[in-house]
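Visitor: Supplied in structure tokens, the structure appears directly below.
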Amino acid sequence: MKIQLSDGRSIPIEMHKVRIVQSTQLPPIRRRLAAIQEAGFNTFLLRTRDVFLDMLTDSGTNAMSDNQLAAMMRADDAYAGSESFYRLTDAVKDIFGFDYVIPAHQGRAAEHLLAKAFVKPGDVVLMNYHFTTSKAHIELAGGKVLEIFTDDALITKSDIPFKGNLDLEKFEAAINTYGAEKIAYVRMEATTNLIGGQPFSLENLRQVKELAAKHKIPLVFDGSLISENAYFIQNREKAFGGRSIKEILKELMQYVDIFYMSGRKSAAVRGGMIATNNKDFYNQILPWLPVYEGFATYGGMSTKEIEAMAVGLREMTEQEVASSGADFIEYFVNQLEEKGVPAVTPAGGLACHVDARRFLPHIAQPQYPAGALAAAIYLVSGIRSMERGTISMDRDAQGNDVMSDLELARLAVPRRVYTMSQLDYAADRIAWLHNHRDLVGGLRFVEEPPVLRFFFGRLQPVDGWAENLAQAFINDFGESC
Ligand code: F0G
């Protein structure tokens, strides 16, 4: 929620009290230099004891509510027929209107099951933008991903409200090129993660469904960040201005054939699920559930998490919860913009994204500017961000790097975890780095896994720039922070 101060400023304000806290520490600059070297300049490989603010992701790291924790205590740990599952299905029915629910241990498990059930070799899956794991599962099933985003999607400095929209003309063209029977499904990702947490409009979803239905193509909705997308619809789409988050969610779901989500984001737990009203689709997926995840009433999740997810789903429909991440992200983005740091605009869901191509124009894409930026941000601040650029793309069949559309350092803002002063600190250090950007150089791989290489790959600075950057930091701030 935002609140107006008497001096005219509008600030995000916490509509909750913090009763349990976890301490963190800021390792001094020399320790940070050693830590990022030990981690192969890959922020995934840092230990949290070396991290001050963990902005790697909002996945599984959001603050849980008292009611979620309380619900965990009444979990029904039955292998089959658990009452916890039925409390989850009641929540799914109330919020989304779906009758059939397939729990899975997290979002990518849902993607695996969907790819297994619906993608055949040679099939195409159309989408507003891919997510790393969704693409990997489709490709492992022998399918191909075709992204049909609008021309606005990749403009990082913009005021276009719905950069996550799917381009309907490209959708028609894809149907003509591949034939509807080769299109396994069209996938709409709410607040498209890899292009900066950018939402799509309800009107766009309606039109996508209209065209998909005409050609009998199922519409799959990735709702990992659904409450954020609903909040942006409420704020940016005129026709839905006065509507509640609950109403918008119901409106969205009427166009959806298969819904799935990582429960780790909007629902603030560790889990995932698929839901649908189509019995045939349900029957196609269900047999695979015990093979890969677990029985139909727990699907690889702990029953405690299932209970917390049922509560988390209901809570994400509250205005104060749906807005809690987005309003702080907007504040963060505004701080950076005021200091001249190129962040993705408009501010999106899940994270503040810094555009590494505009931040580090002297680093060529094959030297991974977003990876270099993420490593440099850690070095100067102790803040862990995530590379979302070419390192996050795997090589093609010939072994060539596939250049990413965007080079972003993503600073996730887990909901209800960090405070405004911590965001001010982050903006200050990133602005300092921007003023010293010439000191940052590129990276090269020294160890490179064959799939989703960004998780475990190790890199090195191209010309030993990290020591020079650390020295410049020490000159300005000393060695203790
Ligand atoms: N879909 C989207 C849009 C996601 O953002 C994620 C995960 C997944 C699917 C996969 O879900 O992690 O529960 O298996 N995003 C995390 C992130 C990992 O950091 O953005 P998962």
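Visitor: Cβ neighbours within 10 Å, averaged per peptide: list 169-176, 329-336, 109-116, 433-440 in order, most packed at the top.
Guide: With the highest mean Cβ count within 10 Å placed first, the list reads 109-116, 329-336, 433-440, 169-176.
Visitor: Residue by residue through the stretch 405-415, what is 3J(HN,Hα) from phi via Karplus (6.51 cos²θ - 1.76 cosθ + 1.60, θ = phi - 60°)? Round to whole Hz and write x for glycine and proline.
Guide: Going residue by residue, I get 4, 10, 10, 10, 9, 9, 9, 5, 10, x, 5 Hz, with x marking Gly and Pro.
Visitor: Rank by packing, highest mean first: peptides 208-218, 9-19, with packing defined as the count of other Cβ atoms within 10 Å averaged across residues.
Guide: On the way: 208-218: 16.7, 9-19: 12.0.
Put in order of decreasing packing, that is 208-218, 9-19.
Visitor: With N set to the number of residues, divide the alpha-carbon radius of gyration of the chain by 2.2 N^0.38 Å and report two decimals.
Guide: On the way: Rg = 21.9 Å, N = 481, 2.2 N^0.38 = 23.0 Å.
Its radius of gyration relative to the 2.2 N^0.38 Å reference: 0.95.
Visitor: What list of ³J(HN,Hα) couplings, whole Hz, do you get for the stretch 201-218 from phi and the Karplus terms 6.51, -1.76, 1.60, once you set θ to phi - 60° and write x for glycine and proline?
Guide: Karplus values, whole Hz, x for Gly and Pro: 8, 5, 4, 5, 4, 4, 5, 4, 5, 4, 5, 4, 5, 4, 10, 6, 9, x.
Visitor: Under the rule of at least 5 residues apart or a separate chain, name every residue whose amide H is placed under 5 Å from the amide H of residue 185.
Guide: Residues meeting the amide H criterion: 126.
Visitor: Under 20 Å Cα-Cα from residue 120, which lysines qualify once same-chain neighbours fewer than 8 residues away are excluded?
Guide: By straight Cα distance, residue 120 reaches 135, 144, 182, 216.
Visitor: Here's another thing I want to ask about it. Answer with one residue from 117, 101, 258: the one whose Cα lies farthest towards the positive end of the charge dipole of the stretch 66-315, charges on Cβ with Lys, Arg +1 and Asp, Glu -1.
Guide: 117
Visitor: Towards the positive end of the charge dipole of the chain, with charges on Cβ (+1 Lys, Arg; -1 Asp, Glu), say which of 86, 201, 446 has the farthest Cα.
Guide: Going by the charge dipole, the pick is 86.
Visitor: Using θ = phi - 60° and the Karplus relation 6.51 cos²θ - 1.76 cosθ + 1.60, list the HN-Hα couplings for the stretch 243-257 in order, rounded to whole Hz, with x at every Gly or Pro.
Guide: Along the stretch 243-257, the couplings run 8, 7, 4, 4, 5, 5, 4, 5, 4, 4, 5, 5, 9, 9, 8 Hz.
Visitor: Taking Cα centroids, how far is the stretch 108-180 from the stretch 402-477 in Å?
Guide: So the two Cα centres are separated by 29 Å.
Visitor: Go from 0 up to the bin containing the longest alpha carbon distance in the stretch 66-315, width 10 Å each, and give me the % of pairs per bin.
Guide: Going from the shortest bin to the longest, the percentages are 8, 33, 37, 19, 4, 0.
Visitor: So how do 362, 353 line up by other beta-carbon neighbours within 10 Å, fewest first? Before the final figure, lay out the partial values.
Guide: Numbers: 362 11, 353 32.
By the 10 Å Cβ count, ascending: 362, 353.
Bear in mind these aren't lab numbers, they're just calculated from the coordinates by the rules spelled out. What you see is a predicted model; the values in this text were computed from it and never measured. No Cβ is skipped: glycine too gets one built from the backbone with ideal geometry, and neighbour counts run over all protein chains shown.
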